[in-house]
C-alpha cells in the first residue's frame, strides 16, 4: 500500500483531480511500451520481428528500427494507421501504446462526468462517504453488520 494512513485513504487517493492528461508527455515513452509488450509476446507466444512485421504490414527492418535504441534511427510509425496496426498486432488499444492509458469505459466516462458536475464541497463529502464505507467493509465486501 502507498504511504497512506488507512485503506480508505489508499483507495480514495486515486480519485482523480480530473486534470486532462498530458498526452504529448506520454508519447515519448511509446517505444518503451512497445519493446516491453514485444518482449512479453516473444517469450509467451513466440512472436518474432518478421511475424510482427507481417501483421503490421511493414518490413522486418522497420520493426527493428522501431525497437532500436540508436538515436539517429527513425523510431516511430509513419502515420496513425501504422500505429493502429502495430497496437492491434500487439493486442493493445492504440491509446495504450501511444500514451500508456487505456480507453475509458462508458461507465468510467459517466462517473467522470458526474464527478465534474459536483462542487468541491460535494466532492469532498463523496470522498468521506467512500472512506467510511471502505473502513467498514470486510475482506468479503460486506459492510460491518450486513451479511
Report task. Kindly indicate the residue of region 75-106 that is part of a loop (DSSP other than H, G, I, E, B) and more than 16 Å from the chain's Cα centre (by Cα) and also surrounded by the most Cβ atoms within 10 Å (Cβ to Cβ) among those meeting that condition. Result -> 77
Report task. State yes or no: is residue 46 touching a residue at least 12 places away in the same chain (Cβ under 8 Å) and out of contact with any helix residue (DSSP H, G or I) (no Cβ under 7 Å at 6 or more places or on another chain)? Result -> no
Report task. Filter region 107-140 down to residues that are part of a loop (DSSP other than H, G, I, E, B) and in contact (Cβ under 8 Å) with a residue 12 or more places away in the chain, then give me how many there are. Result -> 0
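Bear in mind these aren't lab numbers, they're just calculated from the coordinates by the rules spelled out. This is a predicted model, so every value here is computed, not measured. Glycine also receives a Cβ, built like all others from the backbone with ideal geometry; neighbour counts cover every protein chain displayed.
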